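What follows is a single structure, written as structure tokens, with notes after it.
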4 protein chains.
Amino acid sequence: MKNNKDFDKKDAIFKAMLELISKHGFHSSPMSEVAKQADVAAGTIYHYFKSKDELICALYVKLKQKNIENLFKNDDTAKPFKDRFRSFYLQMINEAIKNPKEFYFLEQFANSPYLSTIPKAELSVLDSPIYDFLRKAVFTQVLRDIPPKILVAFVTGSASSIIKLQLSGEFQMTSSDLELAFFTCWDGIKKA
Amino acid sequence: MKNNKDFDKKDAIFKAMLELISKHGFHSSPMSEVAKQADVAAGTIYHYFKSKDELICALYVKLKQKNIENLFKNDDTAKPFKDRFRSFYLQMINEAIKNPKEFYFLEQFANSPYLSTIPKAELSVLDSPIYDFLRKAVFTQVLRDIPPKILVAFVTGSASSIIKLQLSGEFQMTSSDLELAFFTCWDGIKKA
Amino acid sequence: MKNNKDFDKKDAIFKAMLELISKHGFHSSPMSEVAKQADVAAGTIYHYFKSKDELICALYVKLKQKNIENLFKNDDTAKPFKDRFRSFYLQMINEAIKNPKEFYFLEQFANSPYLSTIPKAELSVLDSPIYDFLRKAVFTQVLRDIPPKILVAFVTGSASSIIKLQLSGEFQMTSSDLELAFFTCWDGIKKA
Amino acid sequence: MKNNKDFDKKDAIFKAMLELISKHGFHSSPMSEVAKQADVAAGTIYHYFKSKDELICALYVKLKQKNIENLFKNDDTAKPFKDRFRSFYLQMINEAIKNPKEFYFLEQFANSPYLSTIPKAELSVLDSPIYDFLRKAVFTQVLRDIPPKILVAFVTGSASSIIKLQLSGEFQMTSSDLELAFFTCWDGIKKA
DNA sequence: TATGAATGAGCGTTCATTCAT
DNA sequence: TATGAATGAACGCTCATTCAT
């Protein structure tokens, strides 16, 4: 059984790598700096991870999982789907705005050759909660009859883009902007 | 005035860098390899570009410009806006599918710390054709009254995401899928 | 007095190091791997040996001693010297062929800078049985009157080389080949 | 065509590696030290050699070739074979004594796992002059009818061992000792 | 302009050794 | 004794960049 110290070290390494990559990118985040920021020796990282690449991939899976879990944190299946979707959509945006480093890391990873080093099956599992959420709503004719994969892409892609806009500092979104964004998405995907 | 040879060399360098980065990412695309693929000496690259970063940024601007120009290639201002938008939306997707390397490069760049090294003003200029296109349609009440920046983010983000789905090989989109995607977007953004 | 467990551990460490070095050489035989193969913790090795170098040197001395003892296992001082020498010479070759790992280790060590870290006096003691064996035969005029050290070098060197030929797999020696090898050596060193 | 400077650099690297390995062994001869001794930058070595291992192997082949060529430098095919062999045998010893670093390097290499990384065919070619020299003498019935490979092993092995004795400083060989060594070998291999 | 050998700082990683448990 | 996580110096190697030609 792992003790607290173990968790501390591994988590410190994850945190340091996240910090660095989100700010400087993959290739300006040397292991030596990760070690320094995590307050461990360089060699220690290699007790927990085989290589830099493996560390980065493990970090991606961990953060992606956490992120997706959080999207459904407030999901109330008793509510009408529209409400549930609204909560989900706004949560996507709010989570990212509250955790910009994690968002930047995830986007950077997902748009790099790293992504293709992770087996598709594993990626599917990560995404499956979103996929299931929307697929069911297609099935119950609450949502437009579009292939669920396209639906997922549409919804997450538009949200990502809006998040980037906000995080770029170029545009400060008010809550009514968020509401507008939600409706824009909803009116696109809902059953006519 | 630049002669043909100059163009050839510079273009060969651009092409080689595009090839490498789209496949292997920024790191794993050494200048020596670029030189080899471009069939020039390593030093030659530095006659055209101050540094690797500058070359990469110049490539981004060049490709982004070309890409955006192409989106309006078939724009017919005489047509109803819905038709024009349909053409624009499908063109976004088709251009990317026809030029996957360019798409991958642009996405990788835009989701990396490189992006923030380019002045915001310069980026705005690049995006302005899309911005103007949609802003006018908001003004003329064809589109929902949303801040144009959000609108641009929504439209391009959803398209990007759908393109990645297609390019990933995970899902083969038919032309009716594309049509569905267009309607999904359109129904979201059109004036109710 | 050492208990069985001690012997087991120490021997397991020796065995693991032998295995690794004979196959991969001194470098490419990390202590962590020795520990793994010996089924002990890395730190445990340092209870038995001060350092990697000391372990390697101790292994050399141990194996060299064992090896030389074995050469005289069947020595029958009642027999004519020629017979005794024949037995000795063939035993050198057979021992090595039966224990190739030990042979490779010993040769690798003896041809490396490690050898010179062992005091010459200690090495002399190890070799002395062979030295005495041949020196006496020079004294009794059975062997050519050559400085015994040269004699030892000649005999052991030719045997080593023949062993390597056999172990390389390049040449399969029959028993008549071995007999020929013995005669070649014998005719060289015997008193005319 | 390679200019002098090229030769100088490559040779300086070879020389530095030889110097270091002969004295400290493979794993205490870091590339950084080679670079320093050769008076080139660390990276420069990698223009000439793909890796440390490749450099070491190339050095082996180069020195082995040179060494074997030298053995026949004074060969006079007009002379009786016994004289030719005497010249060859003493040359083996003298060459090594004059070039102890090269001898140590070659022995260290030949008794390490490095040797097996060189294709057997390539090694055969290197040895073939010695092989041919002795094989012919077996054929013409000047030498004992032993498989030539065994003969080569016997002759070179005994010589190597005698060289090590001399270089160890443990025993100073006079020219009459050398003469004795030659006769010991010759009487062993000559046709009775 | 064009070359490509040369540079050397800096990278990812290894591994002999230590020490708190 | 025995453990094995932790250390950090040192390794082999890469690669953006320079400069003599």
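The values are calculated or read from the model by the stated rules, or taken from the named source; none is laboratory data. These numbers come from a predicted model, not from an experiment. Methodologically, a virtual Cβ is constructed for each residue, glycine included, from the backbone with ideal geometry; neighbour enumeration extends over all protein chains shown.
Can you tell me which residues in segment D:162-189 are within 7 Å of chain C (Cβ to nearest Cβ) and of a type in the set (A, V, I, L, M)?
D:Ile162, D:Leu165, D:Leu180, D:Ala181, D:Ile189
Would you call D:Tyr131 closer than 21 Å to D:Gly25 by Cα, out of contact with any strand residue (DSSP E or B) (no Cβ under 6 Å at 6 or more places or on another chain) and surrounded by fewer than 18 Cβ atoms within 10 Å (Cβ to Cβ)?
Answer is no for this residue.
If I filter segment C:41-67 down to residues being touching a residue at least 12 places away in the same chain (Cβ under 8 Å) and within 11 Å of DNA strand E (Cβ to nearest atom), which single residue comes out as nearest to the chain's Cα centre (by Cα)?
Among them, the one singled out is C:Ile56.
Within segment C:124-132, identify whether any single residue is in a helix (DSSP H, G or I), touching an Asp or Glu at 6+ places or on another chain (Cβ under 7 Å) and touching a residue at least 60 places away in the same chain (Cβ under 8 Å), and answer yes or no.
Checking segment C:124-132: not a single residue is in a helix (DSSP H, G or I), touching an Asp or Glu at 6+ places or on another chain (Cβ under 7 Å) and touching a residue at least 60 places away in the same chain (Cβ under 8 Å).
I'd like the residue in segment C:24-43 that is surrounded by 15 or more Cβ atoms within 10 Å (Cβ to Cβ) and away from chain D (no Cβ under 14 Å) and, out of all such residues, is farthest from C:Ala96 (Cα to Cα). Break it down into steps so the answer makes sense when it comes.
In the first step, residues of segment C:24-43 are kept if they are surrounded by 15 or more Cβ atoms within 10 Å (Cβ to Cβ); the result is C:25-26, C:29, C:31, C:33-35, C:37-38, C:40.
Imposing the further condition that a residue be away from chain D (no Cβ under 14 Å) reduces the set to C:33-35, C:37-38, C:40.
Numbers: C:Glu33: 25, C:Val34: 23, C:Ala35: 26, C:Gln37: 23, C:Ala38: 24, C:Val40: 29 Å.
Step by step, filter segment C:24-43, then rank; the result is C:Val40.
Under the condition of being without any contact (Cβ under 8 Å) to a residue 24 or more places away in the chain and aliphatic (A, V, I, L, M), which residue from segment A:140-156 is farthest from the other protein chains (Cβ to nearest Cβ)?
A:Ile150
I'd like to verify a number: residues in segment C:48-98 that are within 16 Å of DNA strand F (Cβ to nearest atom) and surrounded by 12 or more Cβ atoms within 10 Å (Cβ to Cβ), how many?
Taking segment C:48-98 as the starting set, the residues that turn out to be within 16 Å of DNA strand F (Cβ to nearest atom) are C:48-55, C:58.
Next, from what is left, pick out any that are surrounded by 12 or more Cβ atoms within 10 Å (Cβ to Cβ): C:48-49, C:52-55, C:58.
Of the residues in that region, 7 qualify.
Yes or no: C:Ser116 within 16 Å of DNA strand F (Cβ to nearest atom), polar (S, T, N, Q), within 28 Å of D:Ser116 (Cβ to Cβ) and within 14 Å of chain D (Cβ to nearest Cβ)?
The answer is no for C:Ser116.
Is there a residue in segment A:10-19 that is buried (at least 16 other Cβ atoms within 10 Å of the Cβ), aromatic (Phe, Trp, Tyr) and away from DNA strand F (no atom under 13 Å from the Cβ)?
Taking every residue of segment A:10-19 in turn, at least one turns out to be buried (at least 16 other Cβ atoms within 10 Å of the Cβ), aromatic (Phe, Trp, Tyr) and away from DNA strand F (no atom under 13 Å from the Cβ).
Going by what's in this entry, would C:Val155 be described as closer than 20 Å to D:Gln166 by Cα and assigned by TED's automatic domain parsing to the domain that holds C:Met92?
Considered against the rule, which asks whether it is closer than 20 Å to D:Gln166 by Cα and assigned by TED's automatic domain parsing to the domain that holds C:Met92, C:Val155 comes out as yes.
Of the numbered conditions (1) under 30 Å from B:Ser116 (Cβ atoms); (2) in contact with a helix residue (DSSP H, G or I) (Cβ under 7 Å, 6 or more places away or on another chain); (3) buried (at least 16 other Cβ atoms within 10 Å of the Cβ), A:Leu123 fails exactly one; give the number of that condition.
(2)
Kindly evaluate A:Lys23 against the criterion of being away from DNA strand F (no atom under 13 Å from the Cβ), outside any helix (DSSP H, G or I) and modelled with pLDDT of 95 or more.
Values: away from DNA strand F (no atom under 13 Å from the Cβ): yes; outside any helix (DSSP H, G or I): no; modelled with pLDDT of 95 or more: yes.
Answer is no for this residue.
So if I check each of A:Lys36, A:Lys82, A:Lys9, which one is farther than 26 Å from A:Glu122 by Cα, of a type outside the set (S, T, N, Q), in a helix (DSSP H, G or I) and within 16 Å of DNA strand E (Cβ to nearest atom)?
Values: A:Lys82 fails: within 16 Å of DNA strand E (Cβ to nearest atom); A:Lys9 fails: farther than 26 Å from A:Glu122 by Cα.
Result of the check over A:Lys36, A:Lys82, A:Lys9: A:Lys36.
Just to be sure I understand, how many residues within segment C:83-113 are away from chain D (no Cβ under 13 Å) and polar (S, T, N, Q)?
Of the residues in segment C:83-113, 4 are away from chain D (no Cβ under 13 Å) and polar (S, T, N, Q).
Considering each of A:Ala159, A:Ala192, A:Ala137 in turn, give the residue that is among the small types (Gly, Ala, Ser), assigned to a helix (DSSP H, G or I) and within 11 Å of chain B (Cβ to nearest Cβ). Give the derivation first.
Details: A:Ala192 fails: assigned to a helix (DSSP H, G or I); A:Ala137 fails: within 11 Å of chain B (Cβ to nearest Cβ).
On inspection, the qualifying residue turns out to be A:Ala159.
Looking at (1) within 8 Å of another protein chain (Cβ to nearest Cβ); (2) under 12 Å from the mean Cα position of the chain (by Cα); (3) not hydrophobic (A, V, I, L, M, F, W, C), find the lone condition where B:Asp127 falls short.
Checking B:Asp127 against (1) within 8 Å of another protein chain (Cβ to nearest Cβ); (2) under 12 Å from the mean Cα position of the chain (by Cα); (3) not hydrophobic (A, V, I, L, M, F, W, C), the one that fails is (1).
Does D:Lys136 satisfy the criteria of being surrounded by fewer than 19 Cβ atoms within 10 Å (Cβ to Cβ), closer than 20 Å to C:Leu165 by Cβ and modelled with pLDDT of 95 or more? It would help to see each step written out before you state the result.
Values: surrounded by fewer than 19 Cβ atoms within 10 Å (Cβ to Cβ): yes; closer than 20 Å to C:Leu165 by Cβ: yes; modelled with pLDDT of 95 or more: yes.
In short, yes.
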